[in-house]
Structures are given as C-alpha cells and as structure tokens.
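Notes for the one structure printed next.
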Amino acid sequence: MSLTRARCEALDAADPLAGLRDEFVLPHGMIYLTGNSLGALPKAASARITHMVEEEWGQGLTKSWNDAGWFVLPRTMGNRIAPLIGAGQGEVVVADTTSVNVFKVVVAAMRMRPGRKTVVIDRTNFPTDNYMVEGAVAAFGTYKLRDLSEYGSADSAAGFAFDDDVAVVLVSEVDYRTGRRYDMDALTERAHASGALIVWDLCHSAGVVPIDLNGCDADFAVGCTYKYLNGGPGSPAFIFAATRHHDAVDQPLPGWYSHAEPFAMEPGYRPTGGIVRFLTSTPHVISYGGLAASLDIFDKVDLAEVRAKSVALTSLFIDLVEERCAQYGLSLASPRAPSDRGSQVSFRHENAYAITRALSARGVQGDFRAPDIARFGLAPLYLRHVDVYDAAEILGDIMSTGTWQSPEYQARLTVT
Ligand SMILES: *Cc1c(COP(=O)(O)O)cnc(C)c1O
C-alpha cells in the first residue's frame, strides 16, 4: 500500500528543516517544483534590496562603494558561498554570469596546459557551457573539442581515462535535464591522472548537494546563484579557483576590477593576485541583495540535513508518480539510486510539454526541457512532503483523465 497523505504530514511534523519554509514567499495555491530554475524569494530580500536602493544608493551615492562595501561585494559574497561548496576563504568570487565565468575559467585553464590541444566537454551538459567553450576555442587557438563519452562511461568500473593531449575537462556535477550526478572525486582523480585540469559546473548542485571542492582536489568551478541558492532572477554567478592555481591564472577578460591597482588608472593591465584576478568589471550591486538575504538563511542550515531531505523528497515523488502514472507512458529519466542524482526528478513522455502546462494550470509548477522531459526540482528549504504528495495526486489526475490533451496546452510559450 502506498504512502498516505497523513504519513506525509507526519514526516513534515518531524522535519528538522520545516521551520525554514516560513522564511520564503510562496504564492498561495501554487506547489513550486522549479526551485532548480529560479529559487523562491526569501522574505528578507525585499527589505534588503530596498535598503540598498534607498539608503546605500539614494543617500550614500558614491560613498557606498567604500562605506557599504560595494567594491568588495564579489569577494565578500564569494567568502559566504565558500562553505557551501567546500572552498576556503579567498577562493571564490561572485560576479558576472555562469556562461561568462565558464569562458574565463576554461581559457585560463587552457593557458595553464600549453601544448595540450584537447578540451573535453559533455554533450549532455547545459548547452551554454559548450557554446562558451566553442567560442573560447575559436578565439584562442587550434583545439579539438571531444565529448566525455569518448573517454569512458560513468557507469563502468573503469570510469574515465583521458590522454595526455587533454588540457581541460568541463562537466556539470548534476545534469540539468535528468538530475544525473557525477562522482566528483572519481572524475577529478581521472582528469588529474592524465595531467589535465577539471572545471566543475555546480549550477544544479550548489545549495542542495553538499560539495567538497577542496576535498576532491578540484581545480576550478563555476555556478549559478539564482537556482537552489535563491539569489533572484539574474543574480551573479560564482567562480572558484583552488589557491594553488591563483598565481598561474591568466584570464581572457582582464578588466580594471582585477588590476593590481584599479585606481592608479595605469595605461597597461597588471593583474592583481588571488581569486580577484578573475574579476572583470563593476559588480551589479543591487543583484547581490537577494543573494545576501538567502545566504543569511543558509548560515542557519546544515547541508547534510538539506541533502537528507532532498533524497527523501525525490524518492517519495518517484514512488508516488510511478504508482499513479506508470501506465500512462511516463518513464523515469532520473537515476533511481539517490546517490546518483541531485535534487530533481525528471520523467520522459512524448507530450511532456502539454503535461507541464496542464500541471501549471492546476497550480503545480514544473517545467519542460526539450525534447521530451518534464522536470521537477525539489527545493528542500521550502517544500514539504505533503506538497510532493499533492503534486503527484494532481499529475496522476491529469494523466488518468487526459486533460493534458486540451488544445490550449499544446502551443509552446517563449520560455518553457
Ligand atoms: C542554469 C545553467 C546555466 C545558466 O547560465 P547563465 O549564464 O546564467 O544564463 C549555465 N550552465 C548550467 C550548467 C546551468 O545549469
């Protein structure tokens, strides 16, 4: 017999993270299963951003570059994210976007391995990462792009074996489409065994999967802050570089923010030291406000508890949906073993788009990723077991009644 709603209520009553839900704005009547795309609004963010606008900007004006710490925001926010990803102080900056940061980090890594002419990407990765690498390769030399699958399989005991032409490997820990999770220890070790550097994209794991960048000896990492880190739409991304690499970094977008003396206004570029060398230009100050409010919440959270709840919620959702929907052609696209997936559950169906639209009309907000994936990101800070139960019930109803077939759900909106 399946898990009942009453049992889910009991699980919520015993949930050590249950109180955090109250820290977020959650629209009435919506079950929000897209925390992997845009995290919910922390209640404290509005006042924080208003303060930045009215006091720091309105009253402080240029004094705020010093007095409100605007100039050093990329570093101070980087130091606040560091503990969430297993990085040390002075190893992370927050600035620009993930795509731009991929470009900067991959080129810096390519330059640290002169003579090696292969960059390994993962064709299943979020495409923008690979577009940026294509752009980097086009601009900076004669590199071969090869796919990770040419070097082995994550499923095989042998794992991956790279050759000595590989300069850089760029992969995401958690796959945006299926939620599949790579073993960071194993893959980092395989890259290093061949003398290559590895860049980890943590967009779909930061804030929801405990990450130990220094524990696994990672070289570089990038990631979003607007997904599970709840920084708000377009909040700036982060870059990690292991301290041992800082002096060797030669990044391709040198701007005054990474100059040794930005206010000396020298005619030529001279890089500063440390992780700050990855900065380019003026931070998008207001965009850091939401992230600061969210990180105040993370300061109170044990990521091991977040991960335990994430595993419980994703496992629960898989069980409940399969029980109700298996006969309607929904098949699990995410790994079944919890250790092999992040905090999302994806199902394949040839009409996945219409299904996500029908769900949205019933208050369940998932999303669609081409060609056939209905995707549900379960954010443990603000989702309850009963939300997962209710969402599965509604999905079961939509599939059994076929309401997704209604014409209004077939046409694609601009953003899916
Ligand atoms: C979400 C995501 C991005 C987003 O990139 P932007 O530059 O912020 O638009 C990039 N890469 C991965 C792997 C992602 O999941």
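The values are calculated or read from the model by the stated rules, or taken from the named source; none is laboratory data. Bear in mind that the values here come from a model prediction, so they are computed numbers and not experimental data. Note: ideal-geometry Cβ built from the backbone for every residue, glycine included; neighbour counts use all protein chains shown. Protein only, heavy atoms only, side chains kept; ligands, DNA and RNA dropped before computing areas. Shrake-Rupley method; radii C 1.70, N 1.55, O 1.52, S 1.80 Å.
Distance between the pseudo-spin-label points of Ala139 and Trp65 (7 Å out from Cα toward the beta carbon): 2.5 nm. For the chain, the solvent-accessible area with a 1.4 angstrom probe is 41 square angstrom per residue. Couplings for the stretch 208-222, taken from phi via the Karplus curve 6.51 cos²θ - 1.76 cosθ + 1.60 with θ = phi - 60°, read 9, 10, x, 10, 10, 4, 6, x, 9, 6, 4, 8, 9, 8, 9 Hz in order; Gly and Pro are left as x. When you count the other C-beta atoms within 10 angstrom of each residue and take the mean per peptide, 195-201, 318-324, 410-416, 15-21 line up highest first as 195-201, 318-324, 15-21, 410-416. On the beta carbon distance between Ser46 and Gln327, with R0 = 35 Å, the FRET formula returns roughly 0.20. Subtracting the Cα-Cα distance of Lys300 and Ala186 from their residue separation scaled by 0.36 nm leaves 38.0 nm. Fully extending the segment from Ala308 to Asp397, taken as 0.36 nm per residue of separation minus the present Cα-Cα distance, adds 29.2 nm. Each peptide among 403-409, 35-41 gets the average number of other Cβ atoms lying within 10 Å of its residues, and from highest to lowest they stand as 35-41, 403-409. Which shape class applies to the stretch 282-416: rounded if a/c is under 1.5, otherwise prolate when a/b exceeds b/c and oblate if not, where a ≥ b ≥ c are the square roots of the Cα gyration tensor eigenvalues? Taking the square roots of the gyration eigenvalues as a ≥ b ≥ c, the stretch 282-416 is oblate. Tell me the Kirkwood radius of the stretch 275-329: reciprocal of the mean inverse pair distance over distinct alpha-carbon atoms, in Å. Its Kirkwood hydrodynamic radius stands at 15.3 Å. Pairs of Lys residues in the chain, spaced 8 or more positions apart or belonging to different chains, with C-alpha separations under 17 angstrom: 4 in total.
For the residues Thr128, Thr356, a 1.4 Å probe over the protein chains yields an accessible-area ranking, largest first, of Thr128, Thr356.
For Ile318, neighbours were defined as the other residues whose beta-carbon sits under 10 Å from its Cβ, and their charges (Lys and Arg +1, Asp and Glu -1) total -1.
Could you tell me which of rounded, prolate or oblate describes the chain, using a ≥ b ≥ c as the square roots of the eigenvalues of the alpha-carbon gyration tensor, with rounded for a/c under 1.5 and, failing that, prolate when a/b is larger than b/c and oblate otherwise? Oblate, since a/c reaches 1.5 and b/c is not below a/b. How much of the accessible area of the chain, in percent, comes from carbon and sulfur atoms when a 1.4 Å probe is used? Carbon with sulfur: 54 percent of the solvent-accessible area.
In the chain, Cα pairs under 8 Å separated by at least six residues give a relative contact order of 22 percent.
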